[in-house]
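Structure record follows, encoded as structure tokens.
The values are calculated or read from the model by the stated rules, or taken from the named source; none is laboratory data. Values in this document were obtained by computation on a predicted structure and should not be read as measured data. Counting neighbours? That spans all protein chains shown, and the Cβs are built from the backbone with ideal geometry, glycine included.
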Amino acid sequence: MHSGGTVSERDSNAGFAAALVDEWARCGCTHAVVAPGSRSTPLALALAREHRIEVHVVLDERSAAFRALGIGLASGRPAILLCTSGTAATNFHPAVLEAAHARVPLIVCTADRPPELRDAGAGQTIDQAKLYGDAVRWFVDPGPPTDLPGARATWRALACRAYSSAVGPPAGPVHCNLPFREPLVPTGAEPVDAPGRADGRPWTSTSVAPARAAHDVVVSLAELIHARPRGVLVAGWGARVAPVVVERFARAAGWPVLADAISGVRADAHAVSTYEALLRVEGFGDAHRPDLVVRIGAPPTSKVLDAWLGPDTTQIVVDPDGAWLDPRHAATQRIVADAELLLDDLAGQLAQTERSTGEWLDAWLDAELRARGAIDRALDAATTPYEGVLARDLAAVLPEGASLVVASSLPVRALEWCMAPRDGITIYANRGVNGIDGFVSTAFGVATTEPGPVVAFCGDLCFLHDTNGLLGARDRAPVTFVVVDNDGGGIFSFLPQQPLPEFEQLFGTPHGLDLVAVARAHGGRADAVDDLHELKDAIAAGETRVLVIRVDRNASVEHHRALWEAVATAVSSPR
């Protein structure tokens, strides 16, 4: 009841919440992440009572949001994310932004006060309308549930539209702001009867066909590739192309593949894993400058590679959603198409023509062979652990079917610099807005849906940003965390801020904490180790464990400089 109203003969809150949850289950949702609160009670109860949806309760709203993000990142299906009204909803914002930029499906449900309590001094009430601005694919505030004719179709269509908008294209977050009037607990009356379709199907299903490039676009691009044999395929994060298709295209084109470690396609004989080091060698970039570049996925992590791909080189950017992925404004042409379908079609088209590209490809693969050997020798010679050694060895020793979740800042760069080509593992990263917050929870979200072991590789500040994500870890799918502890912001030691007299205060930011003790205080099993020898045993144990490896920041910088020098020497030396 509310002021001036009457008690409905049926429970509108319960009927509305049950209809939404049933419809989301019909659409394909299997997970919900709930941050506890009162105003969200109707929807929380409906989720808890739905056997098709597994509910994860997370105390901290920011951690809850990133757990839901990780579920969507790994599964491609949106998790339902729920919180109460007020500042709880603002703590979802970082994950909403990551989902928006990374194109991760997410259904965000924020409970709210009814209109008569807004802007009237009611507790725990803020303006939640369009709280996340343009970051969401769709926003809806249907008002408090009311037992009116047509409620069945209205409520169920709302749920279907939310799901469809979340999965895209493009995928991303949707925001359902849901006001509930009291009583928030079931009234004892029958819920409003709003049954779904009798055949169990969603109220409204949406079919989306992949964006396939027109035949004339394929023919035109194939002719351009044929005319310019000195080309490269650059694959960034989110490329969403099967390695076998990349290999087929690269073989037909006679091109090397400069594949970011987190692209998912640094896997075959055409993959050049050492481009960061090679492009630092004086004269190499100019001698190996391509006449044509085809780019799939996001811009590369490497600033060196990104700068080398300047506007003087013909660049074709391929993206299925038409995203403008061109921060240096260097693209010559954009093709809105599914990259996997396009590369496969191009491989078929190129196979119909004679091509001579051996010298170009051989030059790149010879440089890769030399640089790879130099990097591995330098890493093997290190007497103390540092990020490059850990990144290479971690990617190499993971078992087939494992998932590696890598954090932004230095870990993702170390992986790009040092990871050798390999297949059989899946790499995840929050590279939509490249933040380090919510990493622990993202890794647990990935583990929720991935069948194989999950290992997370991060720095100390990243780990400290989300230690709340460890709460309740014993009851979840296990994650093995490999934490590089360099006592602060190690990435800044590689950046222009390093010589500044205020460096330690503003950028190095030493924390002086015992990360093992911090992890244990949050209920996790944690140990300080010197290398990755315990990793396999930690994975096999089937429980969440934190392995902390101390690294000297200054020594790490010197080790990486030695990598570049070793590659320069190897590439410049005559055979």
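Rundown of residues vs (1) crowded, with 18+ Cβ neighbours inside 10 Å; (2) basic (Lys, Arg); (3) under 21 Å from His101 (Cβ atoms), yes/no style:
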{"position": "Leu233", "(1), (2), (3)": "yes, no, no"}
{"position": "Val246", "(1), (2), (3)": "yes, no, no"}
{"position": "Ala250", "(1), (2), (3)": "yes, no, no"}
{"position": "Ala261", "(1), (2), (3)": "yes, no, yes"}
{"position": "Val272", "(1), (2), (3)": "yes, no, no"}
{"position": "Phe284", "(1), (2), (3)": "yes, no, no"}
{"position": "Val293", "(1), (2), (3)": "yes, no, no"}
{"position": "Ala307", "(1), (2), (3)": "no, no, no"}
{"position": "Val317", "(1), (2), (3)": "yes, no, yes"}
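Condition first: small (Gly, Ala, Ser), part of a helix (DSSP H, G or I), under 17 Å from the mean Cα position of the chain (by Cα) and not assigned by TED's automatic domain parsing to the domain that holds Ala477. Can you find one or more residues in segment 33-51 that meet it?
Within segment 33-51, none of the residues are small (Gly, Ala, Ser), part of a helix (DSSP H, G or I), under 17 Å from the mean Cα position of the chain (by Cα) and not assigned by TED's automatic domain parsing to the domain that holds Ala477.
Restricting attention to segment 113-131, the residues that are more than 15 Å from Glu182 (Cα to Cα) and within 36 Å of the chain's Cα centre (by Cα) add up to 6. Looking only at residues in segment 82-109 that are among the β-branched types (Val, Ile, Thr) and either closer than 14 Å to Gly133 by Cα or not assigned by TED's automatic domain parsing to the domain that holds Val21 (or both), the one that is nearest to the chain's Cα centre (by Cα) is Val96. Evaluated against (1) within 21 Å of the chain's Cα centre (by Cα); (2) surrounded by 14 or more Cβ atoms within 10 Å (Cβ to Cβ); (3) at pLDDT 95 or above, Leu410 falls short on exactly one condition, (3). For first residues located in segment 30-41 and modelled with pLDDT under 95, partners that are aliphatic (A, V, I, L, M) and part of a loop (DSSP other than H, G, I, E, B) and lie 6+ apart or on another chain with Cβ distances below 6 Å do not occur. Between Thr187, Thr146, the distinction of being surrounded by fewer than 19 Cβ atoms within 10 Å (Cβ to Cβ), closer than 23 Å to Ser85 by Cβ and not assigned by TED's automatic domain parsing to the domain that holds Ala68 belongs to Thr187 only. Only a single item in (1) part of a loop (DSSP other than H, G, I, E, B); (2) over 14 Å from the mean Cα position of the chain (by Cα) is not met by Asn468, and it is number (1).
With respect to the conditions (1) modelled with pLDDT under 95; (2) touching a strand residue (DSSP E or B) at 6+ places or on another chain (Cβ under 6 Å); (3) of a type in the set (Val, Ile, Thr), Thr301 falls short on a single one, namely (2). Considering segment 233-255, the residues that are among the small types (Gly, Ala, Ser) and assigned to a loop (DSSP other than H, G, I, E, B) include one that is nearest to Trp308 (Cα to Cα), namely Gly236. Pairing residues of segment 392-405 that are without any contact (Cβ under 8 Å) to a residue 40 or more places away in the chain with residues that are surrounded by fewer than 22 Cβ atoms within 10 Å (Cβ to Cβ) and not in a loop (DSSP other than H, G, I, E, B), at Cβ distances under 9 Å and at least 6 apart in sequence or on separate chains, gives Arg392/Asp376; Arg392/Leu379.
Could you tell me whether Leu506 is part of a helix (DSSP H, G or I), more than 19 Å from Ala395 (Cα to Cα), modelled with pLDDT under 90 and of a type in the set (A, V, I, L, M)? Against the criterion (part of a helix (DSSP H, G or I), more than 19 Å from Ala395 (Cα to Cα), modelled with pLDDT under 90 and of a type in the set (A, V, I, L, M)), Leu506 qualifies. Looking at segment 44-65, is at least one residue closer than 18 Å to Gly438 by Cβ, of a type in the set (Ser, Thr, Tyr) and crowded, with 24+ Cβ neighbours inside 10 Å? Within segment 44-65, one or more residues are closer than 18 Å to Gly438 by Cβ, of a type in the set (Ser, Thr, Tyr) and crowded, with 24+ Cβ neighbours inside 10 Å.
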